[in-house]
Amino acid sequence: MSIDTLLYWVGMAAVAVNALTGVLDSGRKQMDLIGALLVGVATALGGGTIRDLLLDRNIFWVVDQAYLMTALGAGLATFFVARSLPVPPKLFLIPDAIGLALFTILGTQIALQWHVPWLAASLMGVITGVVGGVLRDILCNDVPLVFLQGELYATAAWIGALSLIGLQEIGVPPVAAAWAGMAIVLGLRLLAMRFHITLPAFGQQKPS
């Protein structure tokens, strides 16, 4: 599989997963179908849109409307399934971690293909990974998850993005490096959720 083919299908998967998380989270606010779809589509497409604007690149879902159709389809399916089944309030956190991993590596690879310097490319990956979730939380009238004192989120994305860049620099093929980067982001995020791994925050006091 070529890196371009991998990135295309990773992008589709990331859009579907993030649309799912947006709709699931909107359920806590008892939104109607249109509201839930707007949250789902914003979650799915927001990070990549900001990345493309910053790179002065054609916006991905405008160029290929299959991404928009995937977001709408995943959002619709999630809405009707979730309405008929009991959904735990924090269920969206697992697919959110998957979406974070997929979008972070996708954004980093795209930035590298546009010859963006390595540090900026890693931040493009973080932006792609986290902005959709920020929009979701804002539209649901919540403080964005990435800004709260909690388990590693953007940090996990940044470590994964830097790992991808480092692996490619030492000669690992782009496809293998992409899979490894995704695994690192997902693994760190899940470990942080499981063991409550956090960064220092304002207001925290060192134990005496």
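The values are calculated or read from the model by the stated rules, or taken from the named source; none is laboratory data. From a predicted model like this one, the values you see are computed outputs, not experimental measurements. Here the Cβ positions follow ideal geometry from the backbone for every residue, glycine too, while neighbour counts run over all protein chains shown. Ligands, DNA and RNA are excluded from the accessible area calculation, which covers all protein heavy atoms including side chains. Shrake-Rupley method; radii C 1.70, N 1.55, O 1.52, S 1.80 Å.
Observations on the structure shown:
- Cβ pairs under 8 Å, 6+ apart, first in segment 65-91 and at positive phi, second assigned to a helix (DSSP H, G or I) and of a type outside the set (F, W, Y): none
- Answer residue from segment 5-43, given it is of a type in the set (S, T, N, Q) and either out of contact with any Lys or Arg (no Cβ under 9 Å at 6 or more places or on another chain) or not in a helix (DSSP H, G or I) (or both) and is nearest to S84 (Cα to Cα) among those: Q30
- Boolean, I138 is crowded, with 24+ Cβ neighbours inside 10 Å and of a type in the set (A, V, I, L, M): no
- Residues of segment 39-53 classified as touching a helix residue (DSSP H, G or I) at 6+ places or on another chain (Cβ under 7 Å) and open to solvent by 20 Å² or more (accessible area, probe 1.4 Å), total: 3
- Within segment 44-58, being of a type in the set (D, E, K, R) and in a helix (DSSP H, G or I) holds for R51, D52.
Let's see how each residue does on (1) among the β-branched types (V, I, T); (2) in contact with a strand residue (DSSP E or B) (Cβ under 9 Å, 6 or more places away or on another chain):
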residue	(1), (2)
L164	no, no
I170	yes, no
W179	no, no
M193	no, yes
I197	yes, yes
P200	no, no
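- Count - residues of segment 54-99 that are open to solvent by less than 80 Å² (accessible area, probe 1.4 Å), closer than 14 Å to S26 by Cα and among the aromatic types (F, W, Y): 2
- Pairs meeting the criteria (first residue in segment 177-201 and at pLDDT below 95, second residue hydroxyl-bearing (S, T, Y) and open to solvent by 50 Å² or more (accessible area, probe 1.4 Å), beta carbons under 8 Å, at least 6 apart or on different chains) are A192/T198.
- Residues that are open to solvent by 30 Å² or more (accessible area, probe 1.4 Å) and among the β-branched types (V, I, T), drawn from segment 18-38: I34
- Residue selected from segment 106-148 under the condition small (G, A, S) and over 16 Å from N18 (Cβ atoms), by the criterion nearest to the chain's Cα centre (by Cα): S122
- The set of residues in segment 127-140 that are part of a helix (DSSP H, G or I) and either within 17 Å of I3 (Cα to Cα) or out of contact with any Pro (no Cβ under 6 Å at 6 or more places or on another chain) (or both) comprises I127, T128, G129, V130, V131, G132, G133, L135, R136, I138, L139.
- Residues satisfying the criterion are present in segment 116-134 (criterion: in contact (Cβ under 8 Å) with a residue 24 or more places away in the chain, touching a Lys or Arg at 6+ places or on another chain (Cβ under 6 Å) and open to solvent by less than 10 Å² (accessible area, probe 1.4 Å)).
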